[in-house]
1. When you look at residue 201, is it crowded, with 19+ Cβ neighbours inside 10 Å, closer than 13 Å to residue 105 by Cα, at pLDDT 90 or above and within 18 Å of the chain's Cα centre (by Cα), yes or no?
2. So in the range 27-39, with the set limited to residues that are loosely packed, with under 13 Cβ neighbours inside 10 Å and on the phi < 0 side of the Ramachandran plot, which one is modelled with the lowest pLDDT?
3. Quick check: anything in the range 121-142 under 18 Å from residue 65 (Cα atoms), buried (at least 18 other Cβ atoms within 10 Å of the Cβ) and touching a His at 6+ places or on another chain (Cβ under 7 Å)?
4. Taking only pairs six or more apart or across chains, which ones have beta-carbon atoms under 6 Å, a first residue in the range 132-158 that is free of Cβ contacts under 8 Å to residues at least 60 places away in the same chain, and a second residue that is of a type in the set (Lys, Arg)?
5. Could you pull out every one of the helices (runs of 4 or more DSSP H) wholly within the range 90-194 that has 1 or more residues that are farther than 30 Å from residue 54 by Cα and polar (S, T, N, Q)?
6. Is there a residue in the range 161-182 that is in contact (Cβ under 8 Å) with a residue 24 or more places away in the chain, in contact with an Asp or Glu (Cβ under 6 Å, 6 or more places away or on another chain) and under 22 Å from residue 28 (Cα atoms)?
7. Taking the conditions exactly as written (of a type in the set (Ser, Thr, Tyr), farther than 30 Å from residue 157 by Cα and not in a loop (DSSP other than H, G, I, E, B)), does residue 64 satisfy them or not?
8. Hey, residue 61 hits all of (1) without any contact (Cβ under 8 Å) to a residue 12 or more places away in the chain; (2) under 24 Å from residue 205 (Cβ atoms); (3) surrounded by 12 or more Cβ atoms within 10 Å (Cβ to Cβ); (4) not basic (Lys, Arg) but one; which does it fall short on?
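The values are calculated or read from the model by the stated rules, or taken from the named source; none is laboratory data. Nothing here was measured: the structure is a model prediction, and the numbers come from that model. Because the Cβ atoms are built from the backbone with ideal geometry, glycine has one as well, and the counts that use them run over all protein chains shown.
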Amino acid sequence: MRSDLPEVRAGAAAAVAILLLVPFVLLAALVAGDWAPLHDLDRSVTDSLNRAALDHPALTTAMTWWTNIFQPNVFRLAALGLVIWLVRNGNRGPAVWVAVTMIAGGLLGGLLKLLVGRDRPELLEPVSSAVGQAFPSGHALNSVLGIAIFLVLFPHSLPLRVAAVVIPVGTAISRVVLGVHWTSDVVAGLLLGVAVVVVSLAVFQRLAGRRRVPENVAG
């Protein structure tokens, strides 16, 4: 199996990172500052989806299955399996990139949760529950990280291209429908996930001293 990795130029990576991180930082600032219009919008969406979940038990069941299937540990285990496979096939460079990207992204998400300190939604009739802080969504963040590392290594896979959109977006929606995250939490998680992958790939390639690291994955 061969897969050409996309070339990531420093300038292009910086531009993409800025396009992603500017709205992320803005969201974080508005959340930390308890900006009323954002809070009201989040509350309105959450209340509407909570009513839909209560009125349609099948929707709640489907979203519960989705959020459990695509929870962060699933992507971490998938990344671990990918690392082992890459090492066994002599691709230690990409293996290191996968491991560092997943670990760095997860740690960054956890740190930001502590720094922002946003509470999860409180509902009169909750359909689900979760512990910890809300911003950014760890499910949304890790779904992007987990899918993106596979897509970077195997960019020509059509199923992965579809999954790269459907799984993160579906996971983000499931968290809001279940009432365990605000909409801005999951949007922030998606933005941060893509930014982490872009930046980590660019940094990795620069440190490796070449523009394509590596040119293919053999297997």
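1. no
2. In this case the residue turns out to be 33.
3. Within the range 121-142, one or more residues are under 18 Å from residue 65 (Cα atoms), buried (at least 18 other Cβ atoms within 10 Å of the Cβ) and touching a His at 6+ places or on another chain (Cβ under 7 Å).
4. Between residues of the range 132-158 that are free of Cβ contacts under 8 Å to residues at least 60 places away in the same chain and residues that are of a type in the set (Lys, Arg), the close pairs are 133/113; 133/118; 134/118; 134/120; 137/175.
5. 92-116
6. Among the residues of the range 161-182, at least one is in contact (Cβ under 8 Å) with a residue 24 or more places away in the chain, in contact with an Asp or Glu (Cβ under 6 Å, 6 or more places away or on another chain) and under 22 Å from residue 28 (Cα atoms), which makes the answer yes.
7. No, not satisfied.
8. Among (1) without any contact (Cβ under 8 Å) to a residue 12 or more places away in the chain; (2) under 24 Å from residue 205 (Cβ atoms); (3) surrounded by 12 or more Cβ atoms within 10 Å (Cβ to Cβ); (4) not basic (Lys, Arg), the lone unmet condition for residue 61 is (2).
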